[in-house]
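Visitor: The structure that follows is given in the form of structure tokens.
A short reminder: the numbers here are calculations on the coordinates, not readings from a lab. From a predicted model like this one, the values you see are computed outputs, not experimental measurements. Heads up, the Cβs are rebuilt from the backbone with ideal geometry, glycines too, and the neighbour counts pull from every protein chain shown.
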Amino acid sequence: MEAAATFLGVRPRSVHETRRRLIHHGYRAELVEGVLERLGEMGYLDDEGFARAWIESRDRSRPRGEDALRRELSLKGIDGDTIVAVLADRAREPSVDDEAESAAAEPTSADRAAAERLLERRRETLLRDADPRKRQQRAYALLARNGFDPQTCQEVSARLLK
């Protein structure tokens, strides 16, 4: 229990991550399952809460598209139904950018808002290139590498860098 508490003290973890870590450190599977159950009852392990926190953190610090978030959560051992539910909630929640634009235009999707934040952070670097078409290509590639769908990449890169 102490090893799990120490591991969870660094940052929130999924049940899968915690199980893998404890087994890696040589704890018996039966003991690990008991500890995981107890930690779940105590509220320290909650895959849905972990997924929500992961997405919120990503949206703030390293914006990613829905595909990339789905892949990351899957690698963390979050089940598909939980991922779908959490990403659906993300799509319905208005972001800070949406609230600012509510009177001006249609509300942007969570992916579009994340893409805009990512390009805004890299804007100075992207604007170094004098050729607008090349700038847009680089912006598109940046967004695509970060898991944004082609339509979002096209719309956001065209609008923000011209």
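Visitor: Over 21 Å, how big is the tail of the calculated P(r) for the chain, in percent of all Cα pairs?
Guide: Across the chain, Cα pairs with separations above 21 Å total 55 percent.
Visitor: Right, something else. Using r as the Cβ-Cβ distance of ARG122 and GLU48, and R0 as 35 Å, what FRET efficiency do you calculate, to the nearest 0.05?
Guide: Using R0 = 35 Å, I get an efficiency of 0.65.
Visitor: Additional query: Given a Förster radius of 41 Å and the C-beta distance between ARG62 and ILE23 as r, what FRET efficiency does 1/(1 + (r/R0)^6) yield to the nearest 0.05?
Guide: Step by step, r from the Cβ atoms, then E = 0.90.
Visitor: OK, next. Any chance you could run the full-extension gain for ARG92 through GLU30? It's 0.36 nm times the residue separation minus the Cα-Cα distance, nm to one decimal.
Guide: Values: separation 62, 0.36 × 62 = 22.32 nm, distance 4.01 nm.
Answer, rounded to one decimal: 18.3 nm.
Visitor: Give the shape of segment 47-92 as rounded, prolate or oblate, defined through the alpha-carbon gyration tensor: a ≥ b ≥ c are the square roots of its eigenvalues, a/c under 1.5 means rounded, and otherwise the shape is prolate if a/b is larger than b/c and oblate if not.
Guide: rounded
Visitor: What is the gain in length, in nm to one decimal, between GLU37 and ALA130 on full extension, counting 0.36 nm per residue of separation less the C-alpha to C-alpha distance?
Guide: 27.7 nm
Visitor: Multiply the residue gap between GLN151 and ALA85 by 0.36 nm, knock off their C-alpha separation, and tell me the result in nm, one decimal place.
Guide: 21.5 nm
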